[in-house]
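Input: a single structure, listed below in structure tokens.
The values are calculated or read from the model by the stated rules, or taken from the named source; none is laboratory data. From a predicted model like this one, the values you see are computed outputs, not experimental measurements. Note: ideal-geometry Cβ built from the backbone for every residue, glycine included; neighbour counts use all protein chains shown. For accessibility, only protein heavy atoms count, side chains too; no ligands or nucleic acids. Shrake-Rupley method; radii C 1.70, N 1.55, O 1.52, S 1.80 Å.
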Amino acid sequence: MQGDFSSWAKTHQSRFEQALQQLLPTADLAPQRLHQAMRYAVLDGGKRVRPLLAFAAGELTGASLAHLNIAAAAVELIHAYSLVHDDMPCMDDDVLRRGKPTCHVQYDEATALLVGDSLQTLAFQLLTEHHLNEDASKQLEMVKLLAIASGSRGMAGGQAFDLDSVGKALTIPELEFMHIHKTGMLIRAAILLGAHCGNVSDAQLSKLDHFGKCVGLAFQVVDDVLDSEADTATLGKTAGKDADHNKPTYVTLLGVAAAREMAQQLHQSALDALADFGDSAQRLRELADFIVFRKF
Ligand code: GRG
């Protein structure tokens, strides 16, 4: 394994930024305002955790960077669309995202709605117009994985459950169901799509699947802790919103200490799933560390 995690991540982030620049419609292409807003929502922001997970999983299965750029972009476009829609007045109604005004504030609500729609469809366009695996059935599997992770049985379903839960006293299993769908499934999809760009056995996939489920849920547990503890400037989005909106979270249900403990257990379970991979899974391990110990 060459170099440390931080330089590995920086190299991938800057290469991926250039790939996104090229994959998104240019700002001068009609309809210009929509394309400018799409670029505003996607470029120059975010931790790019999902793409990094796809790159790390793809390195493990011998995938090419060209293929991984496309798979990672598809997942990141879905993620960016979900943030744009989530910030709109009809959902979370927020004004700050990735340290800048949210898309509907910078443009307008109708444009933000269309930005989300267009990013979502562009994700599937990319997954179908680029050749990502010698075996076409594997590529079809990637399309299906991303569709399920994004739709009513995945992220959108989790969001529906979330909107419905405001002011309610959820049980821990209900909260877990919500977050596995809203946050976890797209994170899991990033790992599996990256792995599918290379050669991966069913046994390896099932281990990566378990790893993905653990880090996906851990990501949200940590997000709940950060929302309650970190400040707005550090997060680049409005802090403390969960409590303000009377939303059930791991912190309100368990308290900060038990929520942190839960994140640690998920972290360990994620690492256990990678035990057979040896050195080739080092980047995935480091990403699990980043997800659980991050400060933003
Ligand atoms: C609108 C269909 C639809 C879904 C919205 C993703 C989402 C579902 C809502 C965003 C609000 C939220 C707190 C979701 C939990 C997932 C999460 C922590 C998203 C933020 O992801 P990061 O931290 O963001 O990876 P960056 O900006 O770094 O990419």
Exercise. Enumerate the pairs (first residue in region 276-296 and among the charged types (D, E, K, R); second residue anywhere and open to solvent by 50 Å² or more (accessible area, probe 1.4 Å) and not in a helix (DSSP H, G or I)) with beta-carbon separation below 9 Å, excluding pairs fewer than 6 apart on the same chain, so at least 6 apart or on different chains.
Key: Asp279/Met1; Arg283/Met1; Glu286/Asp4; Arg294/Lys47
Exercise. Residues being at pLDDT 95 or above, in a helix (DSSP H, G or I) and closer than 21 Å to Ala66 by Cα: count how many of those fall in region 116-136.
Key: 11
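Provide a single number: the residues in region 1-26 that are among the hydrophobic types (A, V, I, L, M, F, W, C) and open to solvent by 40 Å² or more (accessible area, probe 1.4 Å).
Number satisfying all stated conditions: 3.
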Practice problem: Determine whether Leu140 is on the phi < 0 side of the Ramachandran plot and touching a residue at least 40 places away in the same chain (Cβ under 8 Å). | Solution: no
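Quick check on Asp94: is it without any contact (Cβ under 8 Å) to a residue 40 or more places away in the chain and either within 16 Å of the ligand (Cβ to nearest atom) or open to solvent by 20 Å² or more (accessible area, probe 1.4 Å) (or both)?
Here the answer is no, as Asp94 does not meet what is asked.
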Self-check item: Residue that is nearest to the ligand (Cβ to nearest atom) [pool: residues in region 175-199 that are surrounded by fewer than 22 Cβ atoms within 10 Å (Cβ to Cβ) and in contact (Cβ under 8 Å) with a residue 60 or more places away in the chain]
Solution: Gly198
Quiz prompt | Output for region 17-27, where each listed residue is free of Cβ contacts under 8 Å to residues at least 60 places away in the same chain and assigned to a helix (DSSP H, G or I) | solution = Glu17, Gln18, Ala19, Leu20, Gln21, Gln22
Practice problem: Consider only pairs whose beta carbons are under 8 Å apart and that are at least six residues apart or on different chains; among these, list those whose first residue lies in region 209-234 and is more than 16 Å from Gln264 (Cα to Cα) and whose second residue is open to solvent by 50 Å² or more (accessible area, probe 1.4 Å) and of a type outside the set (A, V, I, L, M, F, W, C). | Solution: Asp209/Arg188; Ala230/Lys295; Thr234/Lys295
Exercise. Pick out the one residue from Ala66, Ala41 that is open to solvent by 10 Å² or more (accessible area, probe 1.4 Å), touching a Leu at 6+ places or on another chain (Cβ under 8 Å) and either touching a residue at least 40 places away in the same chain (Cβ under 8 Å) or away from the ligand (no atom under 16 Å from the Cβ) (or both).
Key: Ala41
Quiz item: Which members of region 59-115 meet the condition of being in a strand (DSSP E or B) and farther than 28 Å from Ser165 by Cβ?
Solution: Lys100
